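For reference, the structure is listed below as structure tokens.
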Amino acid sequence: MSLVEDVLVGAVRQGSPVLFATHGELVAERSGVVNLGTEGSMLCGALAAFATTVATGSPLLGIAAAAAAGALPALLHAFMVVDRGANQLANGLAIFFLGLGVTAALGSSLVGRQINGLGVAPIPLLSEIPFAGPILFAHDVLTYLALLLAPALWWFLYRTRWGLVLRATGERDEVPFAYGHSPRRVRYLALAAGGALAGIGGAQLALAITLTWVEDLTVGRGFIAVALVIFAAWEPLRAPLGAFIFGGALSLQLQLQARGVGISPFLLETAPYVLTILALVVLSSRAVSRMPRGLSAVFAGAQRA
Amino acid sequence: MNALPATGRLTPGALLRPPYARPAAWVFGTLLGLLVVLPALEVSIDQTLIRATPFILTGLAVALPARAGLINVGGEGQLLLGAVGATGVGLALPDTLSPVATLPLLALGGALGGLVWAGIAAGLYVGARTNEVIVTLLLNFVAVSVVAYVVHGPWRDPDSASFPYTADFGAGGTVPLLPGGTAHAGLLVALVAAVGVWLVMGRTRWGFRARVVGGNKEAGRRSGFNVSRTLVIALVAGGALAGLAGAIEVVAVEGRLRPAVAVGFGYIGFLASWLVGHRPLAVVGAGLALAAISVSGDNLQIDAGLPSTTVYILMAVVVMAVLGLRRRAGRQG
């Protein structure tokens, strides 16, 4: 395969776990809560999926465990932020540390283990389309799920009653409250769902990409997801583009390293992060105007500690 | 001219009064507590003082911009670039120079490194309205790679085998120690910085402007302040403080740059500042307390064979307990 094709296949493959986390963070932020603990949820999901697969040999059980493990730290974030009034950004970072520490301690005996993981499941016929086929239709099942989630979330947000309540909670929570909905319950549910999605993203990273466990497996992918939600201007249909830009940069870096290009691998490593920042620069001024109103106080630092 | 909201009591007098309630109580309370607890837990006081230095400085790197309404999550990266800056100066300076000249130059190199790194986020914030939380956070990951690059690449000590590091630039032995112990005097730098930030924010015209802008940008703008410049200065000054921490780690603790220098210290500083609602003097107490936890975590790692990151669990629990309890006490950050 050509370099371009390799990079594009890798972009979808590497972008998919981040896309899960981006979807999850998007749901949380639509309820008016920023969750930097998404990184911690990804780590918990990755470890839970890996450990379950090692123990049972079933990646599907691993994915289910990952969703639960990803939701737990997010629920803790919900408790701290919604019920205890903790600052969202500071508490999110604390949740990340908790996830990092817990997974490092629990996972230390799993370092070096190998699993079979999720195999590639090419879609018949579609995967045989020249060029586009292998890029889009020859991946593990979770990748298809991540892609399908974009229109599904759009439909949920804009075409269902619950989506309306979620959006209203993030904009002006007194409105759904006046209509008899509890903003507290909406935020708990949104954060739990978001954490579960981030956990599944972590599961995909461990089960389909790395196939091993190391401490801090995600190296910032959960934080990238928070950036990509801004890049996507809180619109689910725009999330895949951002995730695949990040995945593409990651994939390009790996391909260039594999082909022995004479650039330091450490400089290439910076490409996904630099590219994400550049994407934000290009889109920020437009995106900010679409921010859910409930979030502006958080990002402006106005929310009290 | 009526720039301030009509409701509430936001008078210039209220703004001038330093909003840092009872920082002295925090510092002395923490110190007393540590003096009792540390020997009981067999945690070395010297080690705690050494570890507290970067925590306090990166905490101040968060507290100062926070007063101007900016959230700096990039202390980690700014510290690392400070370490790179100080190493660059250290490798370039001739060995024969006296420490009286070398140490300030190393510190300057570190501060500049952190300043430049924060400057990227500050420039993008005022120039392109990018969110400073996200940009400073992502730049941390870039900074890790920058350190790895210089250590594996241009500045690699040819004698270093599978764990590369830069050459020892020989400044370690020249760092003065605190009286009566083996801890280096970097803590004094951190203390001076804390008092300095406290004075600047509470007692100077610029600090007043920064706090007005932090409270309400529009109020600052209508009062004729240069809001963008104030914000940029606040963020790069924070970056310089974190960079100073990086310089101290490289010069006084490690003696050379290694890829794993000060891992996580900047994030802990972030938590330290949030613990005390960004009050600069109280950051000293929070830094000391978190340093004690961190050092006891090192012991845990050695005694129980747990990974060093396990200490983050303890740290996160402490921070969340404080973040969650404060609302109950009805205090504001």
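The values are calculated or read from the model by the stated rules, or taken from the named source; none is laboratory data. Computed from a predicted structure; not experimentally measured. Virtual Cβ from ideal backbone geometry, glycine too; neighbours counted across all protein chains shown.
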Q. Can you name every residue in region A:78-135 that is buried (at least 16 other Cβ atoms within 10 Å of the Cβ), outside any helix (DSSP H, G or I), over 20 Å from the mean Cα position of the chain (by Cα) and more than 9 Å from chain B (Cβ to nearest Cβ)?
A. A:Ile115
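Here's the yes/no breakdown for (1) surrounded by fewer than 24 Cβ atoms within 10 Å (Cβ to Cβ); (2) out of contact with any Gly (no Cβ under 7 Å at 6 or more places or on another chain):
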| site | (1), (2) |
| --- | --- |
| B:Gly246 | no, no |
| B:Leu257 | no, yes |
| B:Trp274 | no, yes |
| B:Asn299 | yes, yes |
| B:Tyr312 | no, no |
Q.
For region B:151-163, which positions are in a helix (DSSP H, G or I) and surrounded by fewer than 22 Cβ atoms within 10 Å (Cβ to Cβ)?
A. B:His152
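The rows are residues; the columns are (1) among the polar types (S, T, N, Q); (2) without any contact (Cβ under 8 Å) to a residue 40 or more places away in the chain; (3) outside any helix (DSSP H, G or I).
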residue: A:Ala190; (1), (2), (3): no, no, no
residue: A:Gly194; (1), (2), (3): no, no, no
residue: A:Leu197; (1), (2), (3): no, no, no
residue: A:Gly202; (1), (2), (3): no, no, no
residue: A:Leu205; (1), (2), (3): no, no, no
residue: A:Thr212; (1), (2), (3): yes, no, yes
residue: A:Glu215; (1), (2), (3): no, no, yes
residue: A:Thr218; (1), (2), (3): yes, no, yes
residue: A:Ala227; (1), (2), (3): no, no, no
**Q.** Which listed residue is away from chain A (no Cβ under 14 Å), part of a helix (DSSP H, G or I), aliphatic (A, V, I, L, M) and free of Cβ contacts under 8 Å to residues at least 60 places away in the same chain, from B:Ala111, B:Ala86, B:Ala101, B:Ala107
**A.** B:Ala101
Q. Out of A:Phe223, A:Phe244, which single residue is within 13 Å of chain B (Cβ to nearest Cβ) and among the aromatic types (Phe, Trp, Tyr)?
A. A:Phe223
Q: Please find, among A:Ile200, A:Ile263, the residue that is surrounded by 19 or more Cβ atoms within 10 Å (Cβ to Cβ), within 23 Å of A:Gly10 (Cα to Cα) and of a type in the set (Val, Ile, Thr).
A: A:Ile200
**Q.** When residues of region B:252-266 are limited to those that are out of contact with any strand residue (DSSP E or B) (no Cβ under 9 Å at 6 or more places or on another chain) and at pLDDT below 90, the one farthest from the other protein chains (Cβ to nearest Cβ)
**A.** B:Gly255
Q) Residues that are modelled with pLDDT under 70 and either more than 9 Å from chain B (Cβ to nearest Cβ) or in contact with a Ser or Thr (Cβ under 8 Å, 6 or more places away or on another chain) (or both): which helices (runs of 4 or more DSSP H) entirely in region A:264-305 hold 1 or more of them? A) A:271-288
